[in-house]
């Protein structure tokens, strides 16, 4: 019998993966392989009321408030498209927006409670990994999945039973992108200067492995804890004589500024230097002019093209930055498709099908196209504005797009292109 879940009280486990049979190739005919029997999947009792209500938790106050407007516009653009195609399960989607604030306040908790009171089925947000970790236990208890367009810490949602997913790659995948990109640019040996925190150091293994896969080498990894250790770390770099240096530190504070200064003095500035997403910043007021001229940077996420930006401007004519808007848009589409796949708009049902909406099926690149596919086929693999996510069982993208940047003489950066990881 199906297990009954009260409305937004307890989590439901992800549907178990179907068993796969691998055919073995050989010189002689192999005996017939038995027909695989799919692993039984847990039945999720419908808990929706017929209307998909999407809550948003983006910062409109606090230190990260500059990120909120673009994400709200991304959600609204997706909902406009969904409703133009007939909504979800025959009803228009509704949106309830609330402020997440930043991690220094309890705004996110209060807003989450307000969204529960309004009866939302899924929440797009928060943008912060710290807030996602704080809210996840409450989300699981309420039976409301969180889909973050911007939380990049590794391990967030690892034990969330499908109630967490993201449309932005986790920080370690940046190592894969750089491990592919740097050899293409002629770097055969690479040095990594990394902070001692868990997030910064998580780039190390994927960078080393991907460099090796591409015929290059991680020549040295220098771990640095405080700015007083900058000289020692740079000394390790100079001894290795790398073609490029990757700087993976947790922020753009004193430690990073000391390392940049020392690396430039050691002739490892300019095109040899790569900043990563946690320390990519405007250093025009923090470092002498020209310090970072020619240096490179990489940041998770897609810089929207003109066509998508125009769609965002329909939602918010005064919109400036478009950072994370594409990720918020895709998160909304995935939530709607998960409800379609489940045949129910309830949170536990959506949680059980988020991964399936992106993984192994017929590729479709818009909500309407995915509906067309589902009219004749049982499975889809949504590939949206940010490309093919192919979420794993923890809700993490196994593929992601990064924007690359170059610094000018004023120590500010501008986009130069994109790279996949």
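The values are calculated or read from the model by the stated rules, or taken from the named source; none is laboratory data. Note that the coordinates shown come from a computational prediction; the quantities given were computed from them, not determined experimentally. Note: ideal-geometry Cβ built from the backbone for every residue, glycine included; neighbour counts use all protein chains shown.
Count, please, the residues in segment 340-364 that happen to be in contact with a strand residue (DSSP E or B) (Cβ under 7 Å, 6 or more places away or on another chain), surrounded by 24 or more Cβ atoms within 10 Å (Cβ to Cβ) and under 17 Å from residue 395 (Cα atoms).
Qualifying residue count, segment 340-364: 9.
If you go through segment 92-106 one residue at a time, do you hit one that is touching a strand residue (DSSP E or B) at 6+ places or on another chain (Cβ under 6 Å), over 15 Å from residue 61 (Cα atoms) and in a helix (DSSP H, G or I)?
Looking for residues that are touching a strand residue (DSSP E or B) at 6+ places or on another chain (Cβ under 6 Å), over 15 Å from residue 61 (Cα atoms) and in a helix (DSSP H, G or I), one finds none in segment 92-106, hence no.
Cβ contacts < 8 Å: first residue outside the structural domain of residue 100 (by TED's automatic domain parsing) and on the phi > 0 side of the Ramachandran plot, restricted to segment 51-63; second residue in a loop (DSSP other than H, G, I, E, B) and surrounded by 24 or more Cβ atoms within 10 Å (Cβ to Cβ), any location; separation 6+ or different chain. Result?
Once the first residue is outside the structural domain of residue 100 (by TED's automatic domain parsing) and on the phi > 0 side of the Ramachandran plot and sits in segment 51-63, no partner that is in a loop (DSSP other than H, G, I, E, B) and surrounded by 24 or more Cβ atoms within 10 Å (Cβ to Cβ) comes close enough.
For segment 259-268, which positions are surrounded by fewer than 21 Cβ atoms within 10 Å (Cβ to Cβ) and assigned to a loop (DSSP other than H, G, I, E, B)?
266, 267
For segment 123-131, does any single residue satisfy the condition of being touching a strand residue (DSSP E or B) at 6+ places or on another chain (Cβ under 8 Å), surrounded by fewer than 19 Cβ atoms within 10 Å (Cβ to Cβ) and outside any helix (DSSP H, G or I)?
Checked against the condition, which is being touching a strand residue (DSSP E or B) at 6+ places or on another chain (Cβ under 8 Å), surrounded by fewer than 19 Cβ atoms within 10 Å (Cβ to Cβ) and outside any helix (DSSP H, G or I), segment 123-131 yields no hits at all.
Go through 99, 161, 121 for me and flag whichever is modelled with pLDDT under 95 and assigned by TED's automatic domain parsing to the domain that holds residue 382.
None of the other options fit; the residue is 161.
Of everything in segment 269-282 that's under 25 Å from residue 130 (Cα atoms) and out of contact with any helix residue (DSSP H, G or I) (no Cβ under 7 Å at 6 or more places or on another chain), which residue is surrounded by the most Cβ atoms within 10 Å (Cβ to Cβ)?
Out of the qualifying residues, it is 275.
Among the residues of segment 166-179, write down those that are over 13 Å from residue 274 (Cβ atoms) and either out of contact with any strand residue (DSSP E or B) (no Cβ under 6 Å at 6 or more places or on another chain) or in a loop (DSSP other than H, G, I, E, B) (or both).
Narrowing segment 166-179 to residues over 13 Å from residue 274 (Cβ atoms): 166-173, 176.
Passing the criteria: 167, 168, 169, 170, 171, 172, 173, 176.
Restricting attention to segment 191-244, report how many residues are in contact (Cβ under 8 Å) with a residue 40 or more places away in the chain, more than 25 Å from the chain's Cα centre (by Cα) and not in a helix (DSSP H, G or I).
5
Might you check whether a residue that is surrounded by fewer than 20 Cβ atoms within 10 Å (Cβ to Cβ), in contact with a strand residue (DSSP E or B) (Cβ under 8 Å, 6 or more places away or on another chain) and more than 19 Å from residue 410 (Cα to Cα) occurs anywhere in segment 244-258?
Within segment 244-258, one or more residues are surrounded by fewer than 20 Cβ atoms within 10 Å (Cβ to Cβ), in contact with a strand residue (DSSP E or B) (Cβ under 8 Å, 6 or more places away or on another chain) and more than 19 Å from residue 410 (Cα to Cα).
Give just the number: which of (1) more than 16 Å from the chain's Cα centre (by Cα); (2) closer than 24 Å to residue 75 by Cα; (3) in a loop (DSSP other than H, G, I, E, B) does residue 156 not satisfy?
All conditions pass for residue 156, except number (1).
All but one of (1) out of contact with any helix residue (DSSP H, G or I) (no Cβ under 8 Å at 6 or more places or on another chain); (2) within 26 Å of residue 127 (Cβ to Cβ); (3) crowded, with 19+ Cβ neighbours inside 10 Å hold for residue 298; state the number of the condition that does not hold.
Looking at each condition in turn, residue 298 falls short on (1).
Read through the list (1) farther than 30 Å from residue 332 by Cα; (2) in a helix (DSSP H, G or I), then give the number of the only condition that residue 186 fails.
So residue 186 meets the others, but not (2).
Residues in segment 49-76 that are buried (at least 23 other Cβ atoms within 10 Å of the Cβ) and part of a loop (DSSP other than H, G, I, E, B): how many?
Counting residues in segment 49-76 that are buried (at least 23 other Cβ atoms within 10 Å of the Cβ) and part of a loop (DSSP other than H, G, I, E, B) gives 2.
Go over the candidates 202, 231, 235 one by one and state the one that is surrounded by 19 or more Cβ atoms within 10 Å (Cβ to Cβ), assigned by TED's automatic domain parsing to the domain that holds residue 292 and farther than 22 Å from residue 408 by Cβ.
Result of the check over 202, 231, 235: 202.
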